[in-house]
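Inspection log for the structure reproduced underneath, given as structure tokens.
Coordinate-derived values only; no laboratory data. All of these numbers come straight from a predicted model, not from anything done at the bench. As a convention, Cβ positions derive from the backbone with ideal geometry for all residues, glycine included, and neighbour counts pool all protein chains shown.
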Amino acid sequence: MSDPVKFLTTLGQALATMNLYADGHPARERGGRTAFEHLEDLLTTDAGPRFTFLEGEIVYENRVVRELRDWDWAAKLSRANIQRLEILNGVTFEEFERFLHDVSERLAGVTPATLFARQQAPTHIRFGSVSMKGSGDLDAATADLASGPITYSLEEEIEAIRMIHEEVSVRGTLPLMEAEAVVRSLALAMHTESDMVLPLLELKEFDQYTTTHCSNVAVLSMALAEHLGLGSREVRALGVAGLLHDLGKVRIPKEVLTKPGRLTPEERTIIETHPVEGAKIILAREQHLDLAAVVAYEHHLMLDGRGYPRLHYARPAHHASQIVHVCDVFDALCTHRPYREAWATEAALALLEEESGTSFVPDLVEKFAAMLRSASLHRIPLENPTIRLGGVA
């Protein structure tokens with residue numbers, strides 16, 4: 001049993017004990033001390049362990065904890081808006097005991113009495129909603145800023161996307177569980193207000209394009225899928241497909257991929273191999289990801305048969321590919337390139353509408369435009385990937 005598993009197991013036992021016994025009962029302290037001992041063991045190898053709890057799944061740093069797939073406390077913590085937990089070296093047992101008490105009250109539906117006091121004091125334990133940043137207890141932001149803006153960060157998601165591309169490029173492995181965790185995290189960041197929020201990244205340097213573009217296409221694809229009335233399983237599947245649609249670009253030489261000027265015919269031919277390469281990568285490593293493989297292969301096919309890869313027999317692309325195609329082109333138009341400025345949202349939508357019926361499915365363009373105009377769109381600089389709800393960061 002790995003150290004994170006030991007800690008989480010005893011953490012769940014400590015929380016269960018607190019539900020069974022009243023304040024002051026020795027069993028509560030024993031449970032807390034056992035969990036704290038395993039936490040101290042974990043801190044000897046990891047000075048700042050971070051956990052994410054998403055719909056019953058647990059991510060430790062960038063690794064899914066498969067040993068605890070059926071650990072019911074993950075779902076309980078997530079439902080109580082405790083989706084991320086970070087513990088720093090130097091944490092004391094008193095801090096850990098207060099943390100257990102606060103979490104126990106949150107799980108019972110009570111706002112912890114110590115929450116506001118701890119906002120004014122340093123703490124080595126931070127917890128709260130996924131992508132939320134705050135001082136001290138991450139959840140303090142919710143209580144303190146109920147009538148003001150809340151700041152969210154996409155730093156972990158960006159790093160995870162970079163890691164996924166590196167794993168594919170360098171080690172030849174596709175970390176599917178990490179990709180699914182990124183998609184679920186992005187989905188949660190989209191639903192933090194009464195209106196849908198679209199957190200779209202803006203790049204600083206062009207070599208960051210693949211990272212920002214994949215995140216943005218995943219967000220837009222999930223938003224459009226929801227607007228079309230698809231179920232949660234289909235929405236997440238489209239999010240994964242959007243995240244991985246350009247995976248084949250890891251096989252494209254960087255000097256071609258990031259070239260600031262116009263491509264030569266030879267370079268254009270190289271670029272146009274990425275849909276086939278992406279589908280091959282996905283199918284070779286995750287054969288059940290057939291939808292993501294199809295989208296990777298088809299996302300540059302036009303409604304009228306143009307585009308690439310060249311098909312021997314003309315046929316319509318899969319509906320999921322058509323959805324991602326609209327989102328892909330929109331984000332590409334709205335991204336700054338070395339040879340042109342980023343287009344404004346309405347200008348990009350106007351081009352989609354102009355190409356409706358030839359490049360894009362008309363109904364999808366209509367629904368996409370309506371979705372964008374009804375959602376809260378936030379452009380987030382990559383060098384400072386935070387979003388303030390109630391106002392743009």
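Here are the numbers for the structure shown:
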quantity	calculated
Ranked packing of 70-81, 305-316, 39-50, 239-250, most packed first, by mean Cβ within 10 Å	239-250, 70-81, 39-50, 305-316
Interchain or long-range residues, amide H under 5 Å from L377's placed H	L198
Magnitude of the charge dipole, the range 205-341, Cβ model with Lys/Arg +1 and Asp/Glu -1, debye to 20	220
Distant-in-sequence amide H partners of F360 (H built 1.01 Å from N, under 5 Å)	L303
The range 172-179 - phi-based ³J(HN,Hα) in whole Hz, Karplus 6.51/-1.76/1.60, Gly and Pro as x	x, 10, 10, x, 4, 4, 5, 4
Count, lysine Cα pairs under 25 Å in the range 155-389, 8 or more residues apart or across chains	7
